[in-house]
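These notes are about the structure you will find just below.
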Amino acid sequence: MIRLLLALETLLAPFVGLGVVAVFSFSRRRGLIAGLIAELPERLGGLCAEGRAKLSGRRVWWFHAASAGEVGGLAPLLEEHAARPGAPAIFLTTMTAAGREAARRLPSVAWAQLAPVDAWPCVSRLLGALRPERLVLAETELWPTLILLAARSGLRPALVNARLTGRTTVLRPLTRILAPVLACLEAVGAQSEPEAERFRALGVPRERVRVTGNCKYDRGEVPSAAAETDERLRLLGWKDAPLFVAGSTHPVEEDAVLAGYLQAKSIRPELRLILAPRHPERAAEAWRALMDASLRAQLWSRLGPDSTALEGSEALLVDEMGPLPSLFARARVAFVGGTLVAVGGHNLLEPALAAVPVLFGPHTGHISAPADLLEAGGGGFRVRNAAQIADRLVELLSDAGRARAAGAKARSAAQTLRGATTRTAALLEMIK
């Protein structure tokens with residue numbers, strides 16, 4: 001069965017690749033296609049000279065995450081691992097270029113690159129070049145060939161920050177086919193008990209599944225204000241302006257955010273908007289939306305000492321990775337995207353840890369624990385449309401005492417979710 005699975009996925013890989021290219025060709029992210037050729041060496045399992053040099057002569061653990069958000073979720077665990085005396089070097093792969101860049105910014109990561117195509121020749125090639133001791137996957141990254149070949153090489157694969165939404169029950173008819181893959185997982189650290197039960201229902205041995213939580217909740221405190229952020233906001237004349245920071249936004253929900261902001265601004269004209277799309281390559285599309293809304297807007301990447309015509313700016317578009325946490329820390333109210341559309345939600349804890357009230361939509365399947373805690377504790381608010389966004393903005397801007405109290409409750413709720421890193425590290429140590 002294992003050989004059949006490996007052969008089948010390897011045969012299907014070229015067709016899947018062509019399908020991905022076709023999908024991107026007709027999507028808003030079509031601009032990514034231009035980078036596919038440059039990515040090819042890494043996708044085929046190559047390890048460049050720089051990567052070899054940084055890993056040469058060192059024991060290596062291979063970690064894998066999907067994209068920038070999942071890399072952030074692994075960051076506390078990677079930091080804890082790297083701090084141990086004699087710890088193996090961390091090699092990290094991701095599915096996206098944004099994830100790779102986020103990984104390369106982590107001091108704990110020795111080398112990061114794109115993951116190989118999940119086909120026998122590509123995975124085997126990288127395993128041969130890398131010769132790692134362990135494989136640790138994040139969240140839902142259940143790549144059959146990678147897991148099977150890693151297990152055969154003695155890497156004792158583990159899945160951490162593991163999650164499966166209720167929709168994943170569609171995999172149950174495939175349990176017989178997936179059984180050899182799931183049996184290779186030496187440990188699964190699930191985010192919650194319902195998710196742990198879903199892994200068990202799919203066939204992971206019960207004794208290998210533990211509820212450890214999500215390490216991203218152990219990330220360090222959000223910076224009160226990075227110096228660069230303060231300087232750019234000063235250039236805009238926004239030092240004392242109330243800021244509505246909408247982060248990790250997706251198409252369609254940005255329309256609701258803009259409409260809600262404009263409604264609120266008609267009542268509270270001092271309100272300013274900071275919009276940070278989830279994918280920076282969509283900046284041109286988000287910029288057009290700001291222009292269509294007749295807002296006087298600026299680009300984050302173009303703010304500098306020589307910037308001109310900044311006075312009277314109403315909106316700022318963040319077109320780079322990195323500044324969002326410090327911007328959340330300066331917000332009066334925050335919105336976290338992927339929640340007004342059926343994506344499942346992104347990290348609510350960044351603004352919450354900064355004691356900022358958080359707005360989010362109804363689609364919170366990936367972040368149900370923090371969303372429920374924030375809502376129940378009064379630090380977070382579900383909004384379903386532009387009108388509700390506007391109502392919450394006006395309400396929180398008009399009552400400073402309530403806004404401070406909501407921010408304090410958000411921070412308190414976020415603190416209760418900590419501790420996953422210690423539990424996850426202990427789980428990995430148990431694997432012999």
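A single member of G86, G72 is outside the structural domain of G247 (by TED's automatic domain parsing), modelled with pLDDT under 95 and closer than 20 Å to H279 by Cα, and it is G72. Out of E375, E395, one residue alone is farther than 26 Å from P251 by Cβ, without any contact (Cβ under 8 Å) to a residue 12 or more places away in the chain and assigned to a helix (DSSP H, G or I). It is E395. Restricting L349, L417, L359, L374 to those that are within 24 Å of C215 (Cα to Cα), among the hydrophobic types (A, V, I, L, M, F, W, C), buried (at least 24 other Cβ atoms within 10 Å of the Cβ) and at pLDDT below 95 reduces the list to L349.
Of the residues A226, A259, the single one that is over 30 Å from L428 (Cα atoms), among the aliphatic types (A, V, I, L, M) and in contact with a Ser or Thr (Cβ under 9 Å, 6 or more places away or on another chain) is A226. Considering R28, R59, the condition of being surrounded by fewer than 19 Cβ atoms within 10 Å (Cβ to Cβ), out of contact with any Phe, Trp or Tyr (no Cβ under 9 Å at 6 or more places or on another chain) and either farther than 26 Å from N347 by Cα or modelled with pLDDT of 75 or more (or both) is satisfied by R59 alone. Scanning the range 95-106 for residues that are part of a helix (DSSP H, G or I) and among the charged types (D, E, K, R), we see that the one that is surrounded by the fewest Cβ atoms within 10 Å (Cβ to Cβ) is R104. Restricting attention to the range 225-263, the residues that are farther than 17 Å from A390 by Cβ and in contact with a strand residue (DSSP E or B) (Cβ under 9 Å, 6 or more places away or on another chain) add up to 10.
For every residue, the table says whether it meets (1) in contact with a helix residue (DSSP H, G or I) (Cβ under 7 Å, 6 or more places away or on another chain); (2) crowded, with 23+ Cβ neighbours inside 10 Å.
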{"residue": "V71", "(1), (2)": "yes, yes"}
{"residue": "P85", "(1), (2)": "no, no"}
{"residue": "T93", "(1), (2)": "no, yes"}
{"residue": "V123", "(1), (2)": "yes, yes"}
{"residue": "L135", "(1), (2)": "yes, yes"}
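Taking the range 251-283 as the range and being in a helix (DSSP H, G or I) and not aliphatic (A, V, I, L, M) as the test, the residues that pass are E253, E254, D255, G260, Y261, Q263, K265, S266, P280, E281, R282. One residue stands out among those in the range 108-121 that are in a loop (DSSP other than H, G, I, E, B) and at pLDDT 95 or above: the one that is surrounded by the fewest Cβ atoms within 10 Å (Cβ to Cβ), which is A110.
With respect to E311, determine if the residue is in the same structural domain as A386 (by TED's automatic domain parsing), modelled with pLDDT under 95 and buried (at least 23 other Cβ atoms within 10 Å of the Cβ). Here the answer is no, as E311 does not meet what is asked. Among the conditions (1) among the polar types (S, T, N, Q); (2) in a loop (DSSP other than H, G, I, E, B); (3) in contact with a helix residue (DSSP H, G or I) (Cβ under 8 Å, 6 or more places away or on another chain), the only one that S294 does not satisfy is (3). Report, by residue number, each residue of the range 297-308 that is surrounded by fewer than 19 Cβ atoms within 10 Å (Cβ to Cβ) and in a strand (DSSP E or B). Result: A297, L299.
The condition of being assigned by TED's automatic domain parsing to the domain that holds P251, under 24 Å from the mean Cα position of the chain (by Cα) and in a loop (DSSP other than H, G, I, E, B) holds for only one of R411, R384, that being R384.
Suppose we filter the range 145-158 for residues that are surrounded by fewer than 20 Cβ atoms within 10 Å (Cβ to Cβ) and either over 20 Å from G46 (Cβ atoms) or out of contact with any helix residue (DSSP H, G or I) (no Cβ under 9 Å at 6 or more places or on another chain) (or both); how many remain?
Of the residues in that region, 4 qualify.
If the condition is being among the basic types (K, R) and in contact with a Ser or Thr (Cβ under 9 Å, 6 or more places away or on another chain), then the range 404-432 contributes only R423. When restricted to residues that are in contact (Cβ under 8 Å) with a residue 40 or more places away in the chain, in a helix (DSSP H, G or I) and within 27 Å of the chain's Cα centre (by Cα), the range 128-149 contains 6. Of all the residues in the range 189-243, those that are closer than 30 Å to L303 by Cβ, at pLDDT 85 or above and in contact with a Phe, Trp or Tyr (Cβ under 8 Å, 6 or more places away or on another chain) number 1. Listed by first and then second residue, the pairs with beta-carbon distance under 6 Å, at least 6 apart or on different chains, first residue in the range 101-122 and free of Cβ contacts under 8 Å to residues at least 40 places away in the same chain, second assigned to a loop (DSSP other than H, G, I, E, B), are A103/V109.
The values are calculated or read from the model by the stated rules, or taken from the named source; none is laboratory data. Treat the numbers as computed from the prediction; the structure is a model and nothing was measured. Here the Cβ is made from the backbone with ideal geometry for all residues, glycine too, and neighbour counts use every protein chain on show.
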